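Notes follow once the structure below has been shown.
The values are calculated or read from the model by the stated rules, or taken from the named source; none is laboratory data. Remember, predicted model here, so these are calculated numbers, not experimental data. Backbone-built Cβ (ideal geometry, glycine too); neighbour counts: all protein chains shown. Side chains included, ligands, DNA and RNA excluded: accessible areas come from the protein's heavy atoms. Shrake-Rupley method; radii C 1.70, N 1.55, O 1.52, S 1.80 Å.
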Amino acid sequence: MSGADTRQAAAQARITELRAQIEQHNYRYHVLDDPLVPDAEFDRLMRELAELEAEHPELVTPDSPTQRVGGAPAEGFEEVRHAVPMLSLANAFSADEVQDFDRRVRGGLETESVIYAAEPKLDGVAIALTYENGRLLRAATRGDGQRGENVTANVRTIPSVPLRLRGGGWPHRLEVRGEIYMPLAGFRAYNETASAAGEKTLVNPRNAAAGSLRQLDPAVTASRPLAFFAYSVALADGLADSHSAAMKQLREWGLPVNPEARTVQGAEGCLAYHAELQRKRERLPYEIDGVVYKVDDRTQQDTLGYVSRAPRWALAHKFPAQEEVTRLVSIDVQVGRTGALTPVARLEPVFVGGVTVTNATLHNEDEIRRKDVRAGDWVVVRRAGDVIPEVVSVILERREGASPEFVMPVACPVCGSAVERIEGEAVARCSGGLFCPAQRKQSIRHFASRHAMDIEGLGDKLVEQLVDGELVHSVADLYRLGVEQLAALERMGQKSARNLVDELQRSKRPELARLLYALGIREVGEVTAGSLARHFGDLEALMAADEEALTAVPDVGPVVAHHVHAFFREPHNLEVIRALQQAGLEWQAPREAAGPGPLAGQTWVLTGALSMPRMRARSLLESLGAKVAGSVSRKTSVVLAGEAAGSKRARAEQLGVEVIDEEAFRRLLAEHGLQAD
Ligand code: IVH
């Protein structure tokens with residue numbers, strides 16, 4: 001063999017090895033969600049392969065991991081005829097409709113109870129992937145169900161779509177169907193970068209996925225963070241006798257299938273699954289618009305057959321829409337507890353996210369400007385989970401005659417004090433402090449709220465009357481209210497007045513942490529209040545602390561320290577605290593100071609995505625006496641694994657360390673009287 005031949009043989013061997021390693025890493029990352037190596041190591045392997053292939057162009061093959069993007073932009077998409085039509089699904093919006101579906105299925109099968117495969121309904125774009133001899137041959141969109149578009153060059157750029165199947169035993173020709181979607185993290189990151197660069201942002205993950213897939217230049221698609229989940233097999237003769245077994249087989253071949261998929265029994269199982277996913281929805285790393293139920297057994301599917309263009313054996317059970325269109329009547333400005341002015345959209349009532357919405361936040365002046373929102377516009381309103389409804393965008397095409405641009409008032413709409421906006425901050429604030437009735441009302445509401453002093457019966461309308469009638473100027477005045485005085489107010493009777501006075505009486509022994517939170521110091525949430533209470537033990541010590549002493553408290557940075565310090569230097573605040581003491585308030589030393597917490601001696605590790613901030617979970621654990629560490633070892637007591645937990649979870653399982661999910665964690669907190677939200 002010549003020297004050149006030897007070199008080429010060595011290159012070929014290394015290339016084969018690198019491709020196998022890269023495919024294995026892709027599989028671990030995209031299908032098992034359990035990467036073996038850090039991203040940097042993966043990038044090194046890719047670079048080495050690309051360099052070798054550049055030196056030996058004759059060794060490049062179309063299914064090499066480097067060949068996801070190639071060729072020039074297309075003129076248009078070629079038409080593809082689907083061998084098996086791509087169907088749609090019948091929809092259901094209520095439990096009754098699901099029960100009807102199950103009744104029809106049972107009737108058609110003449111059986112008592114049916115096993116369903118239940119899975120999330122992803123909000124993306126349907127795709128058909130054809131593999132021949134284990135190699136990706138073609139990717140086609142749904143089109144009209146009979147004919148779609150050939151988008152192979154674009155789909156090849158999606159990292160979770162395998163270019164080659166793993167293992168063996170696949171049929172000569174395999175057609176897999178599934179959904180291309182844009183994960184939320186990628187969607188947000190893309191928009192952040194685009195908006196910083198002054199480029200057009202993507203409207204929502206669904207449109208983003210659809211738009212990205214229909215790019216004529218695959219390089220553009222490659223720059224969009226897309227992903228794929230398989231949900232059915234079209235040409236499946238002899239593959240598996242149930243849907244769930246077929247999905248398991250696909251996963252072994254390296255195709256990602258949704259980890260939330262499960263089999264359930266009967267309508268009851270379906271409804272329980274729907275409820276569970278609806279709860280989980282906000283924590284999932286992608287958008288879903290409902291769940292899909294499929295009769296699991298293939299023979300049963302064949303017996304049931306099809307009606308018009310949808311299978312009789314499947315049903316999409318949708319969630320209430322999270323986005324709707326309505327008319328924005330006007331823009332008002334609300335004043336919050338800390339004086340922040342928030343522009344609020346008054347809307348024509350619209351049913352969205354399961355409730356009727358009439359107000360939606362516009363966040364701040366810059367946001368209004370960016371979205372160009374004006375009174376009279378038709379707008380897209382979004383309400384997701386328990387999040388405050390917001391105006392997402394304006395439908396400019398429907399604007400008739402422009403109303404003037406919104407301008408933030410220069411004087412507080414409630415008290416007339418000057419409005420200030422500190423440079424570099426998005427928020428404008430009323431400078432009136434507690435002179436401003438709006439700030440006073442909000443601070444009283446906050447003082448009485450459930451996680452603060454928990455004073456029942458002090459509703460918004462009552463606070464309005466108390467402040468407007470000048471019966472209450474500060475929270476300390478609440479404790480001077482008498483039954484007769486309260487009973488004379490609108491919508492108050494003798495009984496509710498009595499109850500409120502009793503409630504106020506009962507609230508006079510708060511834990512120090514609750515009182516600190518109730519005072520409404522800027523940047524001091526429940527967790528920080530807890531840390532401050534534990535660290536200082538009593539209010540006098542905290543009040544005396546300088547900024548340096550404050551930053552010594554866990555979780556307290558310079559900004560928080562500044563706000564806390566400033567709060568206790570403000571004469572009005574000191575007066576209120578003295579008045580509370582005079583009214584008979586006595587705060588209790590923190591519980592935890594009394595002895596070791598219930599989790600003392602335990603070391604916890606947090607991994608994956610949690611629905612609460614990491615910091616919050618950490619502080620809650622620490623308040624129960626546990627230590628929180630960054631990596632899993634034999635000494636770890638418990639691993640709290642959120643969504644998409646990867647290698648730390650695997651390591652814990654390997655070592656036999658207990659792993660719990662967020663639901664179990666929340667139960668544990670509740671047992672110790674703590675609340676996560
Ligand atoms: S099954 C014959 N499963 O929903 C059954 N579809 O109207 C064909 N979709 O655009 C579809 N998630 O792309 C199925 N887990 C899932 C799905 C799903 C999303 C989409 C599908 C199609 C629409 C059905």
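Structure data summary
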quantity: Estimated inter-spin distance, VAL329 and GLU490, nm [label 7 Å along Cα→Cβ]; calculated: 1.8 nm
quantity: Region 430-539: relative contact order as a whole-number percent, Cα under 8 Å and 6+ apart; calculated: 27 percent
quantity: Phi-based couplings in Hz for region 8-14 (Karplus 6.51, -1.76, 1.60; Gly and Pro marked x); calculated: 5, 5, 5, 4, 4, 5, 5
quantity: Violating pairs (Cα-Cα greater than 31 angstrom) within the set LYS200/LYS294; LYS318/LYS371; LYS200/LYS248; LYS248/LYS635; calculated: LYS200/LYS294; LYS200/LYS248; LYS248/LYS635
quantity: Region 508-616: C-alpha gyration tensor shape, a/c 1.5 cut-off, then a/b vs b/c; calculated: prolate
quantity: The chain: angle of helix 266-280 to the longest principal axis, Cα-based, in degrees nearest 10; calculated: 60 degrees
quantity: Environment charge at ALA10 (Cβ cut-off 12 Å; Lys +1, Arg +1, Asp -1, Glu -1); calculated: -1
quantity: Free-standing Cys residues across the chain, given no other cysteine C-beta under 4.7 angstrom; calculated: CYS270
quantity: Selected from LEU226, LEU239, THR193, residue furthest toward positive end of dipole (region 191-240; charges at beta carbon); calculated: THR193
quantity: Between region 15-77 and region 288-345, the Cα center-to-center distance that results, in Å; calculated: 37 Å
quantity: The chain shape via C-alpha gyration tensor axes, a/c threshold 1.5; calculated: prolate
quantity: Neighbour net charge for LEU284 - beta-carbon separation under 9 angstrom, K R +1, D E -1; calculated: -1
quantity: Accessible area of the chain belonging to carbon and sulfur atoms, whole % at 1.4 Å probe; calculated: 50 percent
quantity: The chain: relative contact order in percent, alpha carbon pairs under 8 Å with at least 6 residues between; calculated: 9 percent
quantity: Karplus 3J(HN,Hα) series, Hz, for region 378-384 with 6.51 cos²θ - 1.76 cosθ + 1.60 (x for Gly, Pro); calculated: 8, 10, 8, 10, 10, 9, 10
quantity: Residues in region 440-462 reached by a label modelled at ALA583 [backbone nitrogen below 15 Å; 7 Å Cα→Cβ]; calculated: 440-449, 452-459
quantity: Relative contact order %, region 99-205, counting alpha carbon pairs below 8 Å whose residues are six or more apart; calculated: 26 percent
quantity: Distance in nm between pseudo-label sites at ALA321 and ALA11 (7 Å out along the Cβ direction from Cα); calculated: 5.7 nm
quantity: Nonlocal amide H pairs with VAL352, under 5 Å, H built at 1.01 Å; calculated: VAL357
quantity: Heavy-atom surface of region 61-151, accessible at 1.4 Å and reported per residue (Å²); calculated: 50 Å²
quantity: Sorted peptide list for 544-550, 526-532, criterion being average Cβ within 10 angstrom, highest first; calculated: 526-532, 544-550
quantity: Amide proton proximity set for ALA92, modelled H, under 5 Å, gap of 5+; calculated: ALA316, HIS317, LYS318
quantity: For ALA240, net neighbour charge (Lys/Arg +1, Asp/Glu -1) across residues whose Cβ lies under 9 Å away; calculated: +1
quantity: Structure-based [θ]222 nm, the chain - -39500 (n - 2.57) summed over DSSP H runs of at least 4, per residue, nearest 500; calculated: -10500 deg cm²/dmol
quantity: Angstrom value of the Kirkwood radius, inverse mean 1/r, which spans all Cα pairs in region 517-580; calculated: 11.7 Å
quantity: Computed lengthening from ALA90 to GLU663, 0.36 nm per intervening residue step minus Cα-Cα distance; calculated: 203.1 nm
quantity: Using θ = phi - 60° and Karplus 6.51 cos²θ - 1.76 cosθ + 1.60, couplings along region 82-90 (whole Hz; Gly, Pro as x); calculated: 6, 5, 10, x, 8, 8, 10, 10, 6
quantity: Estimated distance in nm for a label pair at HIS473 and GLU268, the labels positioned 7 Å out from Cα along Cα-to-Cβ; calculated: 6.3 nm
quantity: Principal-axis tilt of helix 662-671 within the chain, Cα atoms, nearest 10 degrees; calculated: 30 degrees
quantity: Between 0 and 90°, nearest 10: helix 558-567 axis offset from the chain longest Cα axis; calculated: 20 degrees
quantity: Contour excess over end-to-end distance, with Cα ends at ASN499 and GLU132 and 0.36 nm allotted per residue; calculated: 124.6 nm
quantity: With 10 Å bins from 0: P(r) over region 16-119, alpha-carbon pairs, percent; calculated: 10, 23, 17, 20, 17, 10, 1
